[in-house]
Amino acid sequence: MRGQHKGEQQHGHRQILWTDPEDTKLDEWANQVEQSSLTIVTTYSGARLQPEPHFRYVERYWQSKLSKPSQKPRPRQDASVRIGIDLGGTKIEIVALDDAGKELLRHRVTAPGESYQATVERIGELVEEAETQLGMTGSVGVGMPGAISPATGLIKNANSTNLIGHRLDKDLEARWRRPVRVQNDANCFVLSEAVDGSAAGSEVVFGVIVGTGTGGGIVVNQQVLSGPNAIAGEWGHNPLPWPQPDELPGPECYCGRRGCVETFLSGPAFERDFVETGNAPLTAPEIVQLAACGNANADACLTRYEHRMARSLAFVINILDPDCIVLGGGMSNVDRLYANVPELWPGLVFSDTIRTRLIAPAHGDASGVRGAALLW
């Protein structure tokens, strides 16, 4: 058997033997089993029971006998319905898509924030409420601000720190007893745009989120490229390319290094740069609006931002050579970036022709949650 022997429990004439040391729910489910003479010897992994080869196991039996009886009619399973969850630091958004990508429902709520368990509970409630409203269950994908360790399956590198060190996928699978896919939110964003958004039809797409933080993701032929370390596309934690003398050594980053791209291109970094050049504190949209009205200080701040973005994206083009780069996050709403940044690429990109396009997202701030649904 896979895993280590954990124990067995006798219920009437049924024996249940399980071996997964991480399982905490099987005792509870075993207590719900009706008495019979069937013996089940399995390992429990995620949402599936895996029988030993010499025992016969019918999945229909698991669904009907090991599920807690519901007080409400159970929504029917519909493979054409895909549910996505976008888990942010301050909000949780849910969407349900049909097989043509049409939204069946979408709304957002405030994230509980106080604990990991409260977050799991709120996600569970949102999905269950949506499935009740739709009258059917569907596949579930979750986008979250972090990466999943290939070694342990635990969440790492998340700016929502209450997620770090947890198996979000397994905890949700245990609640619903079906598979759940969890992916980095930037990967979900770029997947949405590559499948049916502004990058549809492109072979290689690089997506970046420039908002509170700075993340990135890669999609090739409409498939997320995660890499063996699950960090493909994490451009925000590379040094700012070709730094100017006044940009060294660079601001401190929460990752422990200095001068990361995120410390120059995130929304808070843009606001900090404005203050550090002798101006009163303003929000990023206020600085952009001031620049549009002809304020020289605001325009200079935005010009510095454009040069830093151009260098950072040119570095990506030199390595990945994508068909297009899609901008997401709050700073993607700055219209002049789409014209000014590509004009700065010649001399930075190692090619005599630059066909890579810098484009805005077609789905706006819904791209992340749609991409989570499209993980299936």
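Quick look at the numbers
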{"item": "Given charges at beta-carbon only (K, R positive; D, E negative), |dipole| of region 198-360 in Debye", "result": "140 debye"}
{"item": "Estimated inter-spin distance, E103 and E125, nm [label 7 Å along Cα→Cβ]", "result": "2.3 nm"}
{"item": "Region 198-360, relative contact order [Cα under 8 Å, separation at least 6], %", "result": "26 percent"}
{"item": "C-alpha center-to-center spacing [region 123-184, region 271-341] in angstrom", "result": "33 Å"}
{"item": "Charge dipole magnitude, Cβ of K and R +1, D and E -1 - region 129-204, Cα centre, debye nearest 20", "result": "420 debye"}
{"item": "Sum of side-chain charges, V205 neighbourhood, beta-carbon under 14 Å (Lys, Arg +1; Asp, Glu -1)", "result": "-3"}
{"item": "Neighbourhood charge, 14 Å Cβ-Cβ cut-off, centred on D365 and excluding it, Lys, Arg +1 and Asp, Glu -1", "result": "-1"}
{"item": "Cα convex hull of region 233-322, projected area averaged across orientations, nm²", "result": "6.3 nm²"}
{"item": "Percent of beta bridges antiparallel (DSSP, region 114-259, rounded to nearest 5)", "result": "70 percent"}
{"item": "Rg over Rh [alpha-carbon atoms, Kirkwood Rh] for region 296-376", "result": "1.02"}
{"item": "Exposure proxy ranking, count of Cβ atoms within 10 Å, fewest first, for K156, K91, K170", "result": "K91, K156, K170"}
{"item": "Cα convex hull volume per residue for region 198-360 (Å³)", "result": "116 Å³"}
{"item": "Highest-first arrangement of 362-373, 318-329, 183-194, where packing means the average Cβ count within 10 Å", "result": "183-194, 362-373, 318-329"}
{"item": "Which of I164, I94 has the fewest Cβ neighbours within 10 Å, and the rest in rising order", "result": "I164, I94"}
{"item": "Average projected area [Cα convex hull, region 80-217], square nanometres", "result": "8.6 nm²"}
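Read the figures in this text as sums done on the coordinates, not as results from a lab. What you see is a predicted model, and the numbers here were worked out from it, not measured in a lab. Backbone-built Cβ (ideal geometry, glycine too); neighbour counts: all protein chains shown.
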